[in-house]
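The values are calculated or read from the model by the stated rules, or taken from the named source; none is laboratory data. Note that the structure is predicted; figures quoted are calculated from it, not measured. FYI the Cβ positions are ideal-geometry reconstructions off the backbone, even for glycines, and counts take in every protein chain you see.
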Amino acid sequence: MTIVFFLLVASGITGLATGLFFRVWALVLVSPAIAILAAIVLQSSNFGFWTGIPIVVGCLLVGQLAYLAGAFHLQRGELSMQDDADGEPGKYSQRRIGDQNE
């Protein structure tokens, strides 16, 4: 049980670090690495195939949720539905950029 807890915590930390420092495309590399390392650790700890599948899926799920938490933490002040509703450009947006190319 300690191994499962360790794998879940390690997946969460990895996902959080990925969310804080990298874009979503980094998950293409991180998620398979988490799955492979979790499978290796579980196999070396004498977990069976069918017992290990839910644990690996749980590790991937925890990593993805931690990534989302990290990504939303970085954007916490910039996500607003009001930016789209009132028609005003946001912090990094410009108005009528199509007119500049004419």
Determine if region 47-66 includes at least one residue that is part of a helix (DSSP H, G or I), more than 11 Å from the chain's Cα centre (by Cα), modelled with pLDDT under 95 and not hydrophobic (A, V, I, L, M, F, W, C). yes
Residues (over 12 Å from Leu68 (Cα atoms) and either in contact (Cβ under 8 Å) with a residue 40 or more places away in the chain or within 11 Å of the chain's Cα centre (by Cα) (or both)) located in region 22-42: Trp25, Ala26, Val28, Val30, Ser31
